[in-house]
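Reviewing the structure listed below.
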Amino acid sequence: MSAATFLFYTVSCLSTGGLGVLFILFGAGALSFDKAKVFLSSAGGIAVLFLSGAYLITLLGYFLLLIYRNRLATARFSLEGERGKIEISPYAVQEFISGILQEELGITRFRVRLRHKEDGVAIYVHIALSPQERVAEIGSRIQETLTCRVMERTGIEVREVSVLVGKIRPLEEKPQEKDEEKDEEGDEEGDENENEL
């Protein structure tokens, strides 16, 4: 979060809380409307009203921008076909990318995020690898494969493919190996029990 955004959030919280306290004090009778009316008719009161109005309009603009960005992020990907518009939902594109990662690249532990970018898509892939796998090589394969396949099969321009390796850990042991180990331990315990008798 940038310093400007943090400052904006802080001022928003303080001013919203201040307005809430003022309304409660007016409602409880601790502040009188007559005194407020006298203050607001003075030059200082008029300046406070203008600043408060400008601040609230700025806050409105900020929330409208957030709504617009959210709608843009979840909007469908549109292509112009010969007979009309072709739209693809972000969910369908994510499922398609998941299939490529699993079936073509053999990656089983991942998350995919999409973002609209310059009439195309930016793809963010968060993966977990085993220690035996080469990070740079797999990252490059993911970038090349997704860039090619998504454009080829959906017609959506891929503007960026970012790969984040979040974990490098060994794959879990196969269940059969664990069962065999338990059986061997059970046999040893059985032998010890027989010796005790």
(message) surrounded by 11 or more Cβ atoms within 10 Å (Cβ to Cβ) and in contact with a Phe, Trp or Tyr (Cβ under 8 Å, 6 or more places away or on another chain): which single residue out of 23, 33, 8, 77 fits that description?
(response) 8
(request) May I ask you to verify whether residue 118 is on the phi < 0 side of the Ramachandran plot and surrounded by fewer than 13 Cβ atoms within 10 Å (Cβ to Cβ)? (result) no
(message) When you check residue 74 against the structure, is it modelled with pLDDT under 80 and either touching a Gly at 6+ places or on another chain (Cβ under 8 Å) or of a type in the set (Val, Ile, Thr) (or both), yes or no?
(response) yes
(request) State whether one or more residues within region 115-136 are in a strand (DSSP E or B), more than 23 Å from residue 79 (Cβ to Cβ) and more than 20 Å from the chain's Cα centre (by Cα). (result) yes
(request) Looking only at region 26-45, decide whether some residue is outside the structural domain of residue 91 (by TED's automatic domain parsing) and touching a residue at least 40 places away in the same chain (Cβ under 8 Å). (result) no
(message) Checking the condition in a helix (DSSP H, G or I), of a type in the set (Ser, Thr, Tyr) and surrounded by 13 or more Cβ atoms within 10 Å (Cβ to Cβ), which residue from 162, 98 passes?
(response) 98
(message) Just the residues that are in contact with a Lys or Arg (Cβ under 8 Å, 6 or more places away or on another chain) and within 29 Å of residue 69 (Cβ to Cβ), please, taken from region 113-172.
(response) 117, 118, 120, 121, 122, 123, 124, 125, 126, 127, 159, 160
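The values are calculated or read from the model by the stated rules, or taken from the named source; none is laboratory data. Not measured: the values here are computed from a predicted model. Positions of Cβ are generated from backbone atoms using ideal geometry, with glycine treated the same way; all protein chains shown enter the neighbour counts.
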